[in-house]
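See below for the structure under consideration.
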Amino acid sequence: MAMVIEGEERIEAPVEAVWQALNDPEVLKDCIPGCEELEKISDTELSAVVALKIGPIKARFNGAVELTNLNPPNSYTISGEGKGGVAGFAKGGADVSLKADGPGATILSYSAKADVGGKMAQLGSRLIQSTSKKLAGQFFSDFNARVSGGGEAAVS
């Protein structure tokens, strides 16, 4: 079951600062909903453990994240795949681009694709789609708050 989620955030920070945050494992860990661990393996590879609840299914996903198509400080593709045991798997990625909006602000645009399988895919496309949109929105909102100086990311 594949889906596409697109959006845009205006972040009150210069492009360079936003780019650095997008490549900072600590910032990403704090902003990814349910992220328990995020460890940098190389400049373009990370390993992750994320716990999520989708409808009645709770799962802990172990997976890998990779950064590709790097065009600093303008854009990159972040992709990952996680296995959640009997709950199934989730994989996806996002093309992220940054554009200056004046000297101290950045427009972050994203187009994310996600695919789930196993037990989770049986939950129905509406639930998966709405949960995916909510999680993507939460990540970018928390990321925006963190990078624009709004303090720590909201804890959910």
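General remarks:
- The stretch 1-34: number of residues that are under 18 Å from residue 101 (Cβ atoms), open to solvent by 60 Å² or more (accessible area, probe 1.4 Å) and assigned to a loop (DSSP other than H, G, I, E, B): 2
- Close pairs (7 angstrom Cβ cut-off, 6 or more residues apart or separate chains): closer than 13 Å to residue 144 by Cα in the stretch 11-33, among the hydroxyl-bearing types (Ser, Thr, Tyr) anywhere: 11/106; 11/148; 12/148; 13/106; 13/148; 14/106; 15/106; 18/106
- Checking residue 136 against (1) in a strand (DSSP E or B); (2) under 24 Å from residue 4 (Cβ atoms), the condition it does not meet: (1)
- Assessment of the stretch 134-148 against the conditions (open to solvent by 30 Å² or more (accessible area, probe 1.4 Å), touching a helix residue (DSSP H, G or I) at 6+ places or on another chain (Cβ under 7 Å), charged (D, E, K, R) and closer than 21 Å to residue 9 by Cα) yields at least one matching residue.
- Scanning the stretch 95-124 for residues that are under 21 Å from residue 5 (Cβ atoms) and of a type in the set (A, V, I, L, M, F, W, C) gives 96, 98, 107, 108, 112, 114, 116, 120, 121, 123.
- Members of the stretch 6-47 found to be of a type in the set (S, T, N, Q) and closer than 19 Å to residue 114 by Cα, listed by number: 47
The values are calculated or read from the model by the stated rules, or taken from the named source; none is laboratory data. The shown structure was predicted, so the numbers you read here are calculated from the model rather than taken from an experiment. Counting neighbours? That spans all protein chains shown, and the Cβs are built from the backbone with ideal geometry, glycine included. In case anyone asks, the SASA skips ligands and DNA or RNA and just uses the protein heavy atoms, side chains included. Shrake-Rupley method; radii C 1.70, N 1.55, O 1.52, S 1.80 Å.
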